[in-house]
Amino acid sequence: MTDMTSGNIWILLLVIGGATFLLRLSFIHLFADRQVPETITRLLRFVPPAALSALILPPIVTQNGSFAFFLSNERIPAAIVAAIVAVITRNTLYTICSGMAALWLYQALLG
Amino acid sequence: MRYFVHRSLTIVKKEAHMPELIKKTMESARSNDDLSGESGKSISSAFWAGVRDISPILLGIFPFSLIAGVAQIGAGLEPFPAVAMSIIVFAGAAQLATADLLGNNAPAVIICLTALIINLRFVMYSASLSPHFSGISRFWKWISAYLLTDQGYAVSIIRYSQQHHLPGQKLWFYLGCAIPLWVLWLIGTVIGVIVGLKIPESWSLDFAVPLTFMAIMLPNLRDWAAGVAALTSGLISVVAFNLPMNISIIVAAVSGILVGFFTESLLRRKAHD
């Protein structure tokens with residue numbers, strides 16, 4: 001749970017929202033008549049896989065803030081099930097449902 | 001008008017090489033939202049064509065927005081700022097990362113930097129859409145920029161490449177994709193915030209967050225370099241997990257981007273030899 005005061009949270013949200021808006025506005029309006037350098041385009045292409053991957057693995061391989069690579073960590077097999085479903089179906093809903101179902105099933109079997 | 005005729009001819013020429021199925025799909029699309037006629041009608045048909053194209057994708061967005069609402073309330077935000085975040089930021093992955101870091105009490109600077117690295121991809125979309133929006137007024141440019149999302153971008157850019165539109169129609173097609181997405185995102189967040197207050201922790205609903213990202217990322221790993229970028233970033237995010245101030249996501253993402261870039265350069269050089 002955050003300790004941040006509600007005033008600071010509003011400031012944080014406005015800063016993130018404002019900066020995100022500027023990123024979105026960048027070439028649509030601010031630099032509309034400029035070409036994007038090729039190096040930048042090539043670098044930006046790797047933002048989605050790299051940024052998302054950094055958000056995927058840590059919550060799967062940790063339990064209560066410390067690492068758990070063991071079978072007792074039911075999140076690992078559940079994530080593998082969901083990964084297979086994601087690749088095959090390319091469907092967000094199926095991926096989330098299969099991963100959660102696998103997690104609950106595993107918890108029920110262990111519990 | 002002359003430009004328009006010329007463009008139609010080039011499209012017809014291009015179609016000669018296309019498989020039958022694609023040709024048929026394009027024909028039916030074109031007869032439904034035809035370009036001719038008075039501008040009011042063609043604008044509204046462009047809008048509804050956008051709504052139609054985004055509809056199947058909305059089904060996948062809805063659980064994502066619910067989870068964003070649940071995560072934002074779970075991080076300890078009050079219900080009002082939790083909902084407002086979906087309006088102010090309106091970017092799912094960054095919202096989920098922000099909620100997670102807020103919950104861990106990460107420093108504000110780290111939270112901002114992490115969200116911005118995740119959202120850097122919008123610069124790429126913005127550059128790609130720019131030539132299609134060149135004729136529109138500043139007001140609509142600002143509205144379109146605010147509404148920019150992965151899904152709205154992807155659906156629009158596919159349509160722009162298949163079919164000729166007048167500049168106004170391009171805007172309204174895009175808005176037809178973007179506005180329903182925005183409305184649904186907000187409804188989903190509100191429901192997520194209400195439900196999230198009542199869900200017991202034993203349900204492990206926080207696990208839905210990495211699952212959502214998996215669903216977005218894995219089907220989009222189209223080549224080796226992107227795979228290497230994802231793998232590098234994933235490994236580093238685990239190894240660097242205990243670095244102070246929750247800086248690990250930034251370190252991992254930047255490393256992944258750079259390693260992906262150099263892998264692609266190497267592969268290109270090899271292909272040239």
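The values are calculated or read from the model by the stated rules, or taken from the named source; none is laboratory data. If you're wondering where the values come from, they're calculated on a predicted model, not measured in any experiment. No Cβ is skipped: glycine too gets one built from the backbone with ideal geometry, and neighbour counts run over all protein chains shown. Surface areas here come from the heavy atoms of the whole protein model, side chains and all, with no ligands, DNA or RNA. Shrake-Rupley method; radii C 1.70, N 1.55, O 1.52, S 1.80 Å.
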Practice problem: Return the residue satisfying two criteria in turn: it lies in the stretch B:129-153 and is farther than 23 Å from A:PRO37 by Cβ and facing another protein chain (nearest Cβ under 8 Å), and of such residues it is most open to solvent (accessible area, probe 1.4 Å). | Solution: B:ARG138
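I need a count of the residues in the stretch B:127-148 that are among the hydroxyl-bearing types (Ser, Thr, Tyr) and modelled with pLDDT of 95 or more.
The qualifying residues number 2.
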Quiz item: Among the candidates B:SER42, B:SER126, which residue alone is within 8 Å of chain A (Cβ to nearest Cβ) and assigned to a helix (DSSP H, G or I)?
Solution: B:SER126
Quiz item: Filter the stretch B:57-80 for residues that are more than 10 Å from every other protein chain (Cβ to nearest Cβ) and surrounded by fewer than 22 Cβ atoms within 10 Å (Cβ to Cβ); which is farthest from B:LEU243 (Cα to Cα)?
Solution: B:LEU58
Self-check item: Criterion (over 19 Å from the mean Cα position of the chain (by Cα), at the interface with chain B (Cβ under 7 Å from one of its Cβ atoms) and farther than 27 Å from B:GLY76 by Cβ) met by exactly one of A:LEU30, A:LEU25
Solution: A:LEU25
Exercise. Filter the stretch A:1-20 down to the residues that are at the interface with another protein chain (Cβ under 7 Å from one of its Cβ atoms) and open to solvent by less than 40 Å² (accessible area, probe 1.4 Å), then identify the one that is farthest from the chain's Cα centre (by Cα).
Key: A:ILE9
Quiz item: Could you list, in sequence order, the residues of the stretch A:21-47 that are among the polar types (S, T, N, Q) and open to solvent by less than 20 Å² (accessible area, probe 1.4 Å)?
Solution: A:SER26
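Residues checked against (1) under 20 Å from B:LEU147 (Cα atoms); (2) at the interface with chain A (Cβ under 8 Å from one of its Cβ atoms); (3) part of a helix (DSSP H, G or I):
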| position | (1), (2), (3) |
| --- | --- |
| B:ALA82 | yes, no, yes |
| B:SER86 | yes, no, yes |
| B:PHE90 | yes, yes, no |
| B:ALA93 | yes, yes, yes |
| B:ASN105 | no, yes, no |
| B:ILE111 | no, yes, yes |
